[in-house]
Amino acid sequence: MSKPSTSLDLSIVLPVLNEAASLAQLYGELSAALATLELDAEIIFVNDGSSDDSQNELLRLAALDSRLRVLQFSRPRGKSIAYSAGFAASRGPIIVTMDSDLQDDPHEIGALLDALERGADLVVGWKQGRVLNEPTKAIPSRVFNRTVGALFGLRLRDINSGFRAMRAEVARSLDLYGDFYRFIPLIAHSAGFRVAQTPVVHRPRQHGHSKYGGLRFWTSILDLMTLRFILSFRERPFHIFGTIAWAFLFTGLGLEAYALIQKLTGDSFQSHMAAIVIGALTITVGTQMLLTGLLSTLLARPLDSEVGRTAIDITPRQASDDPLE
């Protein structure tokens, strides 16, 4: 991540995927909101390999306003990679994330910043109005949020909200991959940062369609289970492998001891061959699990390919522009 600039109040990071029809209005609303708040900000659009006219529209807007920066992926990489690229390029001490589909109101940025001023490290925008506008999303979201609270102890009304504000050190600590961008508040909370929420307006989509299908709830549950596992054992994978290994080893040793005792009491090994074979197999599996746990401890880190993670900065340059760090 670039070093925070002393002349910037914040960086705004917006992933873009086929939102060409929304970008001009979004830029106008962002400009008006920043003028009202009297904030010096950079606006970083991360074009995630859009197949529509988003790239040309972003370049047109960037040519009009030196605050805009455009990062480009040659193909869709997903929101986690898009956020990571935006965070790495950001220079402000505070980072705001929001969607590019006009459902997030830029004038609510002030509410997020106020919550940061009250001591939070990351603030989630709790979107109001979803029950009326999108009941098929609101009900599963409510169930999901309660599941998150039960598993992680973090009570939020809208964990999946992409409208957030965070301190730069929070963004710098995130290692996002897959679909874990949904769980940025959980990851920050698990790292010891203070997470809060504040109500914000949720607006209906004006252009295009949602990028999420009906399976999102179920895939989110699977991702949540994966995250719970990673957060519990990422730094100590031997705990999970070791527990399983000892269960196999004790079972195998018990079976072998049983066969030996029967032999010493006058029975034959042949009559207990099944116990001997199963015991040997379980001891072998237990030993392999132990070695796997030791190896995992050495290699413990998210396994995500670095290929294609770097976005190209295609912002039009003006003669007066300062070079980026």
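The values are calculated or read from the model by the stated rules, or taken from the named source; none is laboratory data. Remember, it's a predicted structure, so these values are computed and weren't measured experimentally. Note: ideal-geometry Cβ built from the backbone for every residue, glycine included; neighbour counts use all protein chains shown.
Could you tell me whether the stretch 267-279 includes any residue that is among the hydrophobic types (A, V, I, L, M, F, W, C) and not in a helix (DSSP H, G or I)?
Among the residues of the stretch 267-279, at least one is among the hydrophobic types (A, V, I, L, M, F, W, C) and not in a helix (DSSP H, G or I), which makes the answer yes.
Filter the stretch 276-294 down to residues that are closer than 8 Å to F248 by Cβ and crowded, with 18+ Cβ neighbours inside 10 Å, then give me how many there are.
Looking only at that region, the number is 4.
Within the stretch 18-39, is there a residue that is at pLDDT 95 or above and under 23 Å from S173 (Cα atoms)?
So far as the stretch 18-39 goes, no, none of its residues is at pLDDT 95 or above and under 23 Å from S173 (Cα atoms).
Condition check: more than 24 Å from A196 (Cα to Cα) and of a type in the set (F, W, Y). Does F73 satisfy that? Spell out how you get there, then give the answer.
Numbers: more than 24 Å from A196 (Cα to Cα): yes; of a type in the set (F, W, Y): yes.
Taking the combined requirement at face value, the residue satisfies it.
Looking at G242, is it within 30 Å of H189 (Cα to Cα), over 24 Å from the mean Cα position of the chain (by Cα) and modelled with pLDDT under 90?
When the stated conditions are applied, G242 passes them.
Just give me the residues in the stretch 234-245 being touching a helix residue (DSSP H, G or I) at 6+ places or on another chain (Cβ under 7 Å) and either surrounded by fewer than 17 Cβ atoms within 10 Å (Cβ to Cβ) or not in a helix (DSSP H, G or I) (or both), in sequence order.
Scanning the stretch 234-245 gives H239, I240, I244.
Consider S11 carefully, then state whether it is buried (at least 16 other Cβ atoms within 10 Å of the Cβ) and of a type in the set (S, T, Y).
It is true that S11 is buried (at least 16 other Cβ atoms within 10 Å of the Cβ) and of a type in the set (S, T, Y).
Name the residue that is nearest to the chain's Cα centre (by Cα), counting only residues in the stretch 249-267 that are surrounded by 13 or more Cβ atoms within 10 Å (Cβ to Cβ) and of a type in the set (S, T, N, Q).
T251
Is there a residue being at pLDDT below 90 and within 23 Å of S84 (Cα to Cα) anywhere in the stretch 199-210?
The initial filter retains those residues of the stretch 199-210 that are at pLDDT below 90, namely 201-210.
After this cut, where a residue has to be within 23 Å of S84 (Cα to Cα) as well, the list is 210.
Among the residues of the stretch 199-210, at least one is at pLDDT below 90 and within 23 Å of S84 (Cα to Cα), which makes the answer yes.
For residues in the stretch 140-184 being among the aliphatic types (A, V, I, L, M) and part of a helix (DSSP H, G or I), which is surrounded by the fewest Cβ atoms within 10 Å (Cβ to Cβ)?
Residues of the stretch 140-184 that are among the aliphatic types (A, V, I, L, M), as a first pass: 143, 148, 150-151, 154, 156, 159, 165-166, 168, 170-171, 174, 176, 184.
Pick out the ones that are also part of a helix (DSSP H, G or I) and you get 143, 148, 150-151, 168, 170-171, 184.
On the way: V143: 11, V148: 23, A150: 9, L151: 14, A168: 20, V170: 24, A171: 26, I184: 25.
Among residues in the stretch 140-184 that are among the aliphatic types (A, V, I, L, M) and part of a helix (DSSP H, G or I), the one surrounded by the fewest Cβ atoms within 10 Å (Cβ to Cβ) is A150.
Can you name the residue in the stretch 186-198 that is of a type outside the set (S, T, N, Q) and within 14 Å of the chain's Cα centre (by Cα) and is also modelled with the lowest pLDDT among such residues?
Out of the qualifying residues, it is A191.
Where the second residue is at pLDDT below 75 and β-branched (V, I, T) and the first is assigned by TED's automatic domain parsing to the domain that holds R182 and lies in the stretch 139-151, which pairs have Cβ atoms under 6 Å and are six or more apart or on separate chains?
Partner pairs satisfying both residue conditions: none exist.
Among (1) out of contact with any helix residue (DSSP H, G or I) (no Cβ under 8 Å at 6 or more places or on another chain); (2) assigned by TED's automatic domain parsing to the domain that holds F183, there is one condition L260 misses while meeting the rest; what is its number?
Going through the list (1) out of contact with any helix residue (DSSP H, G or I) (no Cβ under 8 Å at 6 or more places or on another chain); (2) assigned by TED's automatic domain parsing to the domain that holds F183, L260 breaks only (2).
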